[in-house]
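Please treat every number below as a calculation from the coordinates, not as lab data. Bear in mind the structure is a predicted one, so any value in this text is a computation, not a measurement. Glycine gets a Cβ as well: all are built from the backbone with ideal geometry, and neighbour counts include every protein chain shown.
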Amino acid sequence: MSFEYIRKEAKALLPWMTEIRRAIHRHPEPGFKEYNTAHLITSRLSGLGIDYKQGIAETGVVACLEKGGPRDDKPVGCVALRADMDALPLTEETGLPFASQVPGMMHACGHDGHVAMLLGAASILKKIHFNGKLKFIFQPAEEGVGGASRMIAEGVLDDVDLIFGGHIDRHYPTGTISVQPGLICAYTDTFRIDIVGRGGHAARPHEAVDSVVVASHLVISLQTLVSRELNPLYPSVITVGRISGGSAPNIIAERATLRGTIRTTHPDIRAKVLESIKRMVHATGELFNADISISFEDVYPPVINDQKAAEIARRAAEKVAGGENVLTQSNPSLGGEDFSFYLEKIPGCFVRFGACRKGWEHIPAHSSRFDFDEEAMGTGAAFLASIAIEALAALETE
């Protein structure tokens, strides 16, 4: 098997993958409701002659390819490749001819491209020889809902030895692949702060406890935890993403709520942040004579790439993109990624596919104007096919 063949096949499949990506992009769906997306996936798998199971964790699809057989009485190795399917609650403002047709929903993180790339890899791998078993995991609900946990609970990893995946990333040029062992994505926690003051007339603030003022004080004060209490050598972020309170301009609000996220890259720093927020919330309640409660939700653990799996991934990336186009991630991303749940169970590696065309302005993921260079899907499909072959070969030699 020639890796040059894989590259050529991926390039030839780019129009097919582009059609798939755009069809999904037009009809984005939220987590655990990706019914149309799953139907598109199964129809393409049927066209490729690849067996699959559907309805896993509501809308998940898992396809399998197995070739060859055991050698020297050694069991056949199994490698899994994963793509996520869900969209985000955003109103698209890209102006693309294939823009979202669903009000308030948009593929603003590249998951539409991930699905297309994995289907492209499946098409390539269907045509070439390998020895072992491959699983193609099309996962629902990556965006803050934890679809990976549901997939694992329903047995998708039961016979898998290694798992690989990747994410489109506009921080890197198209044609590049970032491979890094160790921690590459942060611990992710969410918090909710409920403030109960005392409502009253806007003209008589001395008779009330203004929950909006208390909430505003907390929004600013929370930032001092990162800037003044944490070791600056460990990246950390506290973001209040939602604030609500009040009902009219002439009424002092009795209740307000803050909701936000915490991103940390070290377990001790994470523990300190959680305890410090509790302390600050309690002190603010005392300061303003308000009742304040806080609750935390563990969302995602960090993504920690296995050293050996990362070495396999780097070899595959070099064969696909060339050594000069294989990059390292100098610092962990503070983004969350539920691929981390798979890596808690088995070894694997998560990479990033450069998807920024020269001359493009920077548009971040989760923006209503997000788009990516579709040429990146050729690189991604070639990598996913190549890593499957490399990983199965590595399992055979162990």
Subject >> Choice from Asp268, Asp194, Asp371 showing the highest fluctuation, given a GNM over the chain with Cα pairs closer than 10 Å >> reply: Asp268
Original post:
If one computes the Cα centroid of segment 21-80 and of segment 102-168, what distance in Å separates the two points?
Top reply: 7
**OP:** Please sort by residue number the GluC sites (Glu not before Pro) in segment 108-174 whose DSSP state is loop and whose Cβ has at most 16 other Cβ atoms within 10 Å.
**Re:** Glu154
Original post:
Using mean Cβ contacts within 10 Å as the protection proxy, how do 251-258, 219-226, 172-179 order, highest first?
Top reply: 172-179, 251-258, 219-226
Original post:
Once the Cβ-Cβ distance between Arg242 and Ala393 is put in as r, and R0 is 51 Å, what FRET efficiency do you end up with, to the nearest 0.05?
Top reply: 0.60
Original post:
Listed here are the pairs Lys53/Lys308; Lys33/Lys358; Lys11/Lys319; Lys272/Lys308; Lys8/Lys74; Lys53/Lys133; which of them are more than 26 Å apart at the Cα?
Top reply: Lys53/Lys308; Lys33/Lys358; Lys272/Lys308; Lys8/Lys74
**OP:** Taking H placed 1.01 Å from N in the peptide plane, check which residues at least 5 places from Arg352 or on another chain put their amide H under 5 Å from its amide H.
**Re:** His167, Ser178
Subject >> For segment 242-398, Kirkwood radius (reciprocal of mean inverse C-alpha pair distance, Å) >> reply: 20.0
**OP:** Hey, could you grab the Kirkwood Rh for the chain? Inverse mean 1/r over distinct alpha carbon pairs, Å, one decimal.
**Re:** 22.6
Original post:
Exposure proxy check: Val303, Val145 ranked by fewest other beta carbons within 10 Å?
Top reply: Val145, Val303
Original post:
What is the projected area of the convex hull of the Cα atoms of segment 187-300, averaged over all directions, in nm²?
Top reply: 6.9
